[in-house]
Every structure is written in structure tokens, then in C-alpha cells.
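> Take this structure first; my questions come after.
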Amino acid sequence: MRAELTRVGVEELMTPDAVDAAFDRTSSGTMVLVVNSVCGCAAANARPAVTLARQSPIQPDAYTTVFAGQDLQATARAREYMPGIPPSSPFIVLFKQSEPVFILERRNIEGRSASAIAMDLVGAFKEYCASEGDSVASSDSDAARKDAETRSDTNSDADDVPSTFRSIL
């Protein structure tokens with residue numbers, strides 16, 4: 001379960017010092033933090049959602065993870081960066097300048113497909129991680145728009161997701 005995230009380049013934070021260092025490195029940027037868990041009903045879709053979201057053309061500056069129930073001190077430290085937000089796992093949060101700006105709690109993950117969760121993340125990346133000059137290539141956007149028009153079962157946000165996982169929506 002750890003390797004499912006680390007093999008795609010998500011940095012594992014196993015100590016409070018590692019958590020603090022990650023926040024220090026991204027204090028002027030953006031960072032996704034995944035509170036991983038062994039929960040099969042929710043984490044089983046949260047981890048693949050993160051992998052799918054990593055294919056988006058717009059990305060946060062860093063991806064990190066702590067493992068609830070295993071790395072207790074690291075998880076507790078990470079939660080200190082989210083005052084007022086009740087603990088849950090799995091949990092995905094996007095930080096901008098060390099402040100939480102987008103949150104997917106367990107209740108927003110459980111019972112949803114990995115592609116739906118990934119679309120939420122991609123939308124947040126577009127809103128909070130994009131620079132003024134960032135844009136998806138027009139040919140990709142045009143292709144996505146045409147695809148969305150021809151598929152009635154496709155979410156209207158399909159033009160925001162990479163073509164590599166549009167087909168599974």
C-alpha cells in the first residue's frame with residue numbers, strides 16, 4: 001500500500017522532521033499530501049486517483065504522503081498543518097503556501113471511482129497550481145471537448161483530464 005504511491009514518485013514522510021522539511025520546501029508553492037491508510041473501501045480508490053492525477057498537464061510542486069496508523073508521529077505532525085480539519089484517512093489535501101486550499105476527506109473518497117476522485121484533484125490543480133501562462137495545448141482541449149460531446153456518460157469536466165484516462169470515465 002505504501003509502494004502504490006511511492007513507485008509513482010510520491011515522497012513518503014515517515015517522521016515529524018520529514019513533514020516539516022516538506023512544508024519548508026514548498027512554503028511558497030503547492031503540495032499534495034495524501035494521508036494513506038489500509039482502508040480497502042476508500043484508500044483502494046484514493047491511491048489510484050493520485051496516480052491518475054499525476055498525468056495532468058498542471059501539477060503541484062510536490063506530492064507527499066504519510067501513513068495513518070503506522071507512522072503515527074508523522075501523521076500527527078501533518079495534521080498540525082490542518083487546524084480545524086477533523087482527522088480522517090484516507091485524506092488528500094492540496095496546500096498552497098502551506099495553507100490547505102482543497103480537501104478530499106474520506107467521505108469525499110469512499111464509494112467513488114478513482115477517475116472521479118482524480119478529476120476532483122485535476123480541477124484543484126487547475127485552480128490552485130496553474131500559473132498565468134499555463135494552459136493545456138489547444139489540440140488536447142479540442143479533442144477532449146469532442147470526446148465529451150459524443151459520450152453522454154462522460155462528465156462535463158472531461159476536457160480537464162488527460163487523454164490517457166479519459167477513456168475510463
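> Within the range 81-96, can one find any residue that is within 18 Å of residue 3 (Cα to Cα) and under 11 Å from the mean Cα position of the chain (by Cα)?
yes
> Kindly evaluate residue 43 against the criterion of being surrounded by 15 or more Cβ atoms within 10 Å (Cβ to Cβ) and under 15 Å from the mean Cα position of the chain (by Cα).
Values: surrounded by 15 or more Cβ atoms within 10 Å (Cβ to Cβ): yes; under 15 Å from the mean Cα position of the chain (by Cα): yes.
Spelling it out, residue 43 is indeed surrounded by 15 or more Cβ atoms within 10 Å (Cβ to Cβ) and under 15 Å from the mean Cα position of the chain (by Cα).
> Moving to a separate point now. From 56, 28, grab the single residue that is surrounded by 22 or more Cβ atoms within 10 Å (Cβ to Cβ) and either out of contact with any helix residue (DSSP H, G or I) (no Cβ under 9 Å at 6 or more places or on another chain) or in contact (Cβ under 8 Å) with a residue 40 or more places away in the chain (or both).
56
> If you don't mind, there's one more thing I want to ask. If only one of 42, 46 is modelled with pLDDT under 95, under 22 Å from residue 127 (Cβ atoms) and in the same structural domain as residue 119 (by TED's automatic domain parsing), which one is it?
Criteria check complete, one pass: 46.
> For the range 68-80, what are the residues that are out of contact with any Leu (no Cβ under 7 Å at 6 or more places or on another chain) and surrounded by 22 or more Cβ atoms within 10 Å (Cβ to Cβ)?
68, 71, 75
> Looking only at the range 9-25, count every residue that is under 10 Å from residue 63 (Cα atoms) and either touching a helix residue (DSSP H, G or I) at 6+ places or on another chain (Cβ under 7 Å) or surrounded by 15 or more Cβ atoms within 10 Å (Cβ to Cβ) (or both) and tell me the total. If you could, list the steps in order and put the result at the bottom.
Pass one, the range 9-25, residues under 10 Å from residue 63 (Cα atoms): 9-12, 22.
Checking which are either touching a helix residue (DSSP H, G or I) at 6+ places or on another chain (Cβ under 7 Å) or surrounded by 15 or more Cβ atoms within 10 Å (Cβ to Cβ) (or both) leaves us with 10-12, 22.
Of the residues in the range 9-25, 4 are under 10 Å from residue 63 (Cα atoms) and either touching a helix residue (DSSP H, G or I) at 6+ places or on another chain (Cβ under 7 Å) or surrounded by 15 or more Cβ atoms within 10 Å (Cβ to Cβ) (or both).
> Now for a separate question. Mind checking whether some residue in the range 78-91 is more than 21 Å from residue 51 (Cβ to Cβ), touching a helix residue (DSSP H, G or I) at 6+ places or on another chain (Cβ under 7 Å), modelled with pLDDT under 95 and of a type outside the set (S, T, N, Q)?
yes
> Another question, if that's okay. Kindly indicate whether any position in the range 83-97 is touching a residue at least 12 places away in the same chain (Cβ under 8 Å), hydroxyl-bearing (Ser, Thr, Tyr) and closer than 22 Å to residue 28 by Cβ.
No.
The values are calculated or read from the model by the stated rules, or taken from the named source; none is laboratory data. None of the values given here were measured: they were computed from a predicted structure. As a convention, Cβ positions derive from the backbone with ideal geometry for all residues, glycine included, and neighbour counts pool all protein chains shown.
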